[in-house]
Every structure is written in C-alpha cells, then in structure tokens.
Amino acid sequence: MSRSEKVTRVIDGDTFETGSRKNSVRLANVNAPEKGSPGAAATHALRELMQGEEVIIDTVARDKYGRSVANVKIGNRSVNTAMKRKGYK
C-alpha cells in the first residue's frame, strides 16, 4: 500500500523521515555510505532530491530497526533509481 507523505529530514544518503511516521524510511536496494566524504555527498544528493517534497512511499519490507524499507517516488520519478544512477547501489 502506497502512502503520500512529506519529507521532513534527510538523515543520510539512503534514509529519511516524514512528519507522519515514528520511524524513519530507508530506500530499498540503495546502499549509500554512512560516514566521511562519500557519506556527506550521498546525504547532500538525497537532500537535493527530496527535502521538503511530497513523496509516495511503497513499503516492501521492515528492517531490524523497525524502519520501512521502501520504493519512493516524487511524482512519477523514482528516488531509488535516481540514487542508483548517482552510484549508490
């Protein structure tokens, strides 16, 4: 089931928060670095794509931290695919 939600905070290059959820959301099939220069670049890239945007979240799983693992779109554009094209696979 897909839900439309507004992104309130990008945590890192593959994880973000919305105003509607208690837990954060992780992008499915995207693995961005967490620390250092590559991590900062990944976080910046995701922030540029989606900070403050209304997104459609299609949860496909839950991880061990209780986060939704999801395919995410802004309109018809896949955020997951956009991040993979930037090299975060």
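What follows is calculated from the coordinates using simple rules that are stated; it is not laboratory data. A quick note: this is a predicted structure, and the numbers were derived from the prediction, not measured. FYI the Cβ positions are ideal-geometry reconstructions off the backbone, even for glycines, and counts take in every protein chain you see.
See the values below:
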| read-out | value |
| --- | --- |
| Phi-based couplings in Hz for the stretch 4-11 (Karplus 6.51, -1.76, 1.60; Gly and Pro marked x) | 9, 9, 9, 6, 9, 7, 9, 7 |
| Sequence-distant residues sharing a close amide H with R62 (under 5 Å, placed H) | V69 |
| Karplus 3J(HN,Hα) series, Hz, for the stretch 31-45 with 6.51 cos²θ - 1.76 cosθ + 1.60 (x for Gly, Pro) | 10, 9, x, 8, 10, x, 4, x, x, 5, 5, 5, 4, 4, 4 |
| Bins of 10 Å, starting at 0 and running to the largest distance - Cα pair percent for the chain | 19, 57, 23, 1 |
| Over the chain: helical MRE at 222 nm, DSSP H runs n ≥ 4 each giving -39500 (n - 2.57), nearest 500 | -7500 deg cm²/dmol |
| Percent RCO, i.e. relative contact order, over the chain, from Cα pairs under 8 Å lying at least 6 residues apart | 32 |
| Positive-end residue, the stretch 2-85 charge dipole about Cα centroid, Cβ charges, pick of V69, G13, A32 | V69 |
